[in-house]
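Read through the structure below, which is laid out as structure tokens, and then see the notes.
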Amino acid sequence: MDVQEFSYDLPESLIAAFPRGNREDSRLLVIRRQSGELIHTHFSELGNFLDPGDVLVLNDTRVFPARLHGAKESGGKVEVLLLERFPDKRSLWIALINAAKKPKVGSRLIFAGVTAEVIGDIGRGRFGLEFHHSGDFDAQLAAIGEPPLPPYVRRRRAAAGLDWQRYQTIYAAHPGAIAAPTAGFHFTPELLDRLDAQGVHRALLTLHVGPGTFEPIRSEKVESHRMEGERYVLPAEAASKIQRAKDAGRRVVAVGSTTTRTLEWVALQKGKVEADEGIARLFIRPGDRFRVIDALITNFHLPRSTPLLIVTALAGLELIRKAYAEAIQKRYRFYSYGDAMLIL
């Protein structure tokens, strides 16, 4: 498959720079795969499209303050995106470093009250860092770190306080993500209560979103792309609830592409949905068979991105092209802080 098949033109004015005032006020484009029907509504009406016994599966990873701004000891500015912490008593991290000139191994980076030694060059812009600090590092990181917003969220005014609240799902629990599972942004406690009362069940898993989720497909052929691994945990309670729904013929509704990849990866490895943890590397593309999910809640994705290929694999290229064109024509908001889509 040619990656250009998954490109489209989007007016920059439709890229959401701020979240809506109320999460569930987001617009919702419903796609019925069998009929090709497109329905325009709001996320608050999600329950109209779900049935008692359906299972919503959500990713409860929590975004941590992964972006740091500082300086090299030589004086140049540096931006660091923390990716993953080593299971070590010391504060050892793998990080992406953005600077005018690549830092040397053995040099130091200086932040507010914290320094980091560059202990290794891993390649592809990734470095090993050891942070030197006094006291609790997580507390210091919370003080000096920033929300790791994607680069397409461009603003004329800062909104860090708003982002700490809104660049996070309301059910986020386990820190470790450098990007939020944005399909979950639209849920409120009130909406979840209404779905509970309706008999819609809920299951939680954790996949710590890394750079691989949003890495664009740079190769000309889709098949040449390789996904980076991301750590996940599927607890026994959630796995049992999902498998029971499958056995009973009820729908499993994945909230987001990260949830989808986790469930499909586990089923591919295990033959069914069961408790598991590890590193997911699944690249879903058109032609792949879905073993677990029956429906998907998602946002509108970047061209040539792996999440866009997931929705295309589920709904078909022509129907997704039609849906995206109509969403653009009706001025839906796109990307992380944008509106939502439900594929049935």
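Throughout, read-outs are computed from the coordinates displayed, never taken from laboratory work. The structure displayed is predicted, hence computed values, not measured ones. Cβ atoms come from the backbone with ideal geometry, glycine included; neighbour counts cover every protein chain shown.
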Please work out the C-alpha center-to-center distance from region 294-344 to region 222-263 and express it in whole Å. 19
Can you pull the three principal axis extents for the Cα set of region 67-144, in Å, largest first? 31, 24, 19
So for the chain, averaging the separation of alpha carbon pairs under 8 Å that are six or more residues apart and normalising by length, what relative contact order in percent results? 24
Average silhouette area of region 106-225, convex hull of alpha-carbon atoms, in square nanometres: 12.0
Just to be sure I understand the model, the point goes 7 Å from the Cα along the line to the Cβ. What's the resulting Glu5 to Glu326 distance in nm? 2.2
Could you give the size of the charge dipole of region 1-160 about its Cα centre, using +1 on the Cβ of each K and R and -1 on the Cβ of each D and E, expressed in debye and rounded to the nearest 20? 820
Given region 67-144, what count of lysine pairs have C-alpha atoms under 22 Å apart, with each pair 8 or more places apart or on different chains? 6
How much net charge surrounds Ala275 when only the other residues with a Cβ under 13 Å from the Cβ of Ala275 are counted, with Lys and Arg +1 and Asp and Glu -1? -1
Size descriptor, Kirkwood hydrodynamic radius, that averages inverse alpha-carbon separations across region 262-344, Å: 13.9
Starting from the 7 Å offset along Cα-to-Cβ, what nm value, one decimal, do you get for the label separation of Phe86 and Glu228? 1.8
Shape category assigned to region 7-54 from the gyration tensor of Cα positions, a/c cut at 1.5: oblate
Take the alpha carbon gyration tensor of region 153-283, find the square roots of its eigenvalues, order them as a ≥ b ≥ c, and report rounded if a/c is under 1.5; if not, report prolate when a/b exceeds b/c, else oblate. oblate
Cα-based Rg then Dmax for region 147-210, in Å, read 14.0, 44
Residue-averaged 222 nm ellipticity for the chain, from DSSP H runs of 4+ at -39500 (n - 2.57), nearest 500: -6500 deg cm²/dmol
